[in-house]
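What follows is calculated from the coordinates using simple rules that are stated; it is not laboratory data. Here the structure is a predicted model, which means the values were calculated and not measured. Because the Cβ atoms are built from the backbone with ideal geometry, glycine has one as well, and the counts that use them run over all protein chains shown.
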Amino acid sequence: MLFPLSLMSLSVSLLVVILCCFFMAKFRHIYDKIKIPLAIITVIAGLILYTIGYIPADSDERLGIIYAAFRALFSTCRIFILESDFSDLNETVLNNGFFVFSLSLVHVLGAMITIMTILSAFGIKFISRLKLLFGNIRQTYIFLGFNDEALNLIKSLKTGGKYRCFIVVESLQDGEEDGDLLIKLREDRFILIDAVWQDLTGIKKLHIPKRLLNGELHIFALSNDESKNTRVILSLLKQAQKEGMNEDKIKFYLNTTDEYAEKYFEIVNKEKNTNFEVKTFSVPDITARQLFEAYPIHDYLPLDTESAKALSGFTIFIAGLGPVGMEVLRKSIYMGQFVGGDYRAIITDEEMTKKRGFLFNKYPGLKDNYKIETYEAIPGSEEFCQALENNINTVNYIVIALDNDKLNIETAVEIQRLVNRSRTGKKPVIAVHISKDEDYEHLEKSMMLPDVKFFGRYLDIFTESIIINETMDSMARKMNALYNSLYNIEPADNWRHLDAFTKESNRSAASNIATKLRLLNLEMKGKNSNVKRKAVNLAEYLTGERLENLSKQEHLRWNAFHFASGWVTWPLDQVGDTRKAKDTINRRHACLVSWEELEDVTRRFNQTPSYQELDRQQVKNIPVILEHAGYEVYERN
């Protein structure tokens, strides 16, 4: 043995084992990279030291070295089975403190390599539990199921701080210990809990340490099976209610196309008088969001920043009215509203007759308030090309979302050629929906579409800024509180009690702040972004004609958001004796009228301050909202 069996040796051995467990829990990825070089260094050092220690002082030098080397090889191998041959070394080296220290260090390294290799052999589940026990964790992100969506979001979240813990709940099938899940787990350093997430009924059943459950928890259901996502999140929510968990520390995120899902969770919360937050989204929804965040509409319009208005209307051409195309249309409507120009959409789809009826039945306000032209045409057909050619000089934005990457690319090639042949001056943006990474990489290498923008990859849409977006929620929450203060609503910050639609309406208003700043030739940056320029006093810009135009633009945006969410105008001659300007159940609102007509609505409901003044106040509050969210405002370069 390296040491005689004693309390000291047992203590040292236990300490080494604990250190190994700690190292594997926090730095497993480092060990995977250094284990082979470390083993080689240990073997070489052991051979050298044991050879020196075995060379007899009174024998033939050549034969002595060969004999010592062979014997040293055997002793070096024994290092890795936690054995030593200290007692067989000659007394000269044993009396040398430096030699003894060096050989002891080699043995400790050998012992650690052996122990950590054994720990690895126990499997990923054991290592995951070690990480939970020893990790310095402040925020815990739990993913129910493992897929590309979860993997990409984990990669994004990892860049946000070192005190975050990522847990994937997924059952390992027989033989999967060396499968794709384990490979990705080792690469991306998340923790695996081997359990069937579809059968999960409570967070505590995962046996996560209590200190993590009492901290900040984010729970994601991102699978493609929407019914299972909803069922499991519902079970976890009800169990959290039953166990009295801290509702301010837990957030649920649900992938679903069911627009009523959040409403259902609101009902469950009200039944138990709780406020657990459940955020829902769908892939088409976040795909469209990512498109307009990456390529904002205001960047493709001529603007008069002295008066904060557009110098032309905005026209978008959308090829394909599938799920992604529908979300692109809806979001373009309320993001493409500007004083100085009207909104117009041109849409083509091979099943337009059927989809046109669905569009205008679900969103009746769109047909009555916006210029939306629809054509039943497949890409490459005469009807398709004619619709594009007739409008090529007025289109600002072209989106290709045909729900087929190959067809999207082929269509983009033809549209790019048409634009280059037919249009001079500033070209419209051409945005192509690409869902597969390999398609994107191929296009990058081929340079086949040099002027085209791409959007929709999971790598780009499953990110912290899009899925979680706490900064935007903070701005929306502050905006809501400031609005409530005008009505003397207590408490002003009632965010947790708002319905899903009102929250989303506030988020839409908050995201539009960037557009309003662009209309002033300004931009916002985080206070820690190390901008060399001097920040401006935004309040000085929000006066006179600029304030009036931005207020009108805010009303246009508010109208468009409601129309694109299925609301319609509630004519004054139909409101009867009601005291409120909105009918939530039937999605009708009396304020869904032009800016000028708001004066009539104000008089009808004796509104103080006036509805126009509420829009002005919304604009005036922007400096306070940005300050609250940690932003400063600068002139654009």
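Please list 331-344, 217-230 highest first by mean number of surrounding beta-carbon atoms within 10 Å per residue. Please list the in-between numbers first.
Details: 331-344: 22.6, 217-230: 19.9.
Result, highest mean Cβ count within 10 Å first: 331-344, 217-230.
What order, most packed first, do the peptides 617-623, 593-599 have when packing is the mean number of other Cβ atoms within 10 Å of each residue?
Values: 617-623: 20.3, 593-599: 15.3.
So the peptides 617-623, 593-599, ranked by packing, come out 617-623, 593-599.
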- Message: Spelling out what I want: for every residue of region 79-86, take phi, set θ = phi - 60°, compute 6.51 cos²θ - 1.76 cosθ + 1.60 (Karplus), and round to whole Hz; glycine and proline get x.
- Response: 4, 7, 10, 6, 10, 9, 10, 3
- Message: Quick check on the exposure proxy: order 385, 165 from fewest to most C-beta atoms within 10 angstrom.
- Response: 385, 165
- Enter the Cα centre distance for the pair region 490-539 and region 592-625, rounded to the nearest angstrom. 19 Å
- Run through the DSSP bridge list for region 287-464 and note the antiparallel percent, rounded to the nearest 5. 10 percent
- residue 168 long-range amide H proximity, modeled H, under 5 Å: 143, 191, 192, 193
- Note on the structure: Violations at 20 Å Cα threshold for listed pairs 309/516; 426/453; 270/582; 309/453; 155/205; 242/270 -> 270/582; 309/453; 155/205
- With a Förster distance of 56 angstrom and the Cβ-Cβ distance between residue 371 and residue 210, calculated FRET efficiency to the nearest 0.05 equals 0.45
- Amide H within-cut-off set for residue 372, under 5 Å, with H built and near neighbours excluded: 345
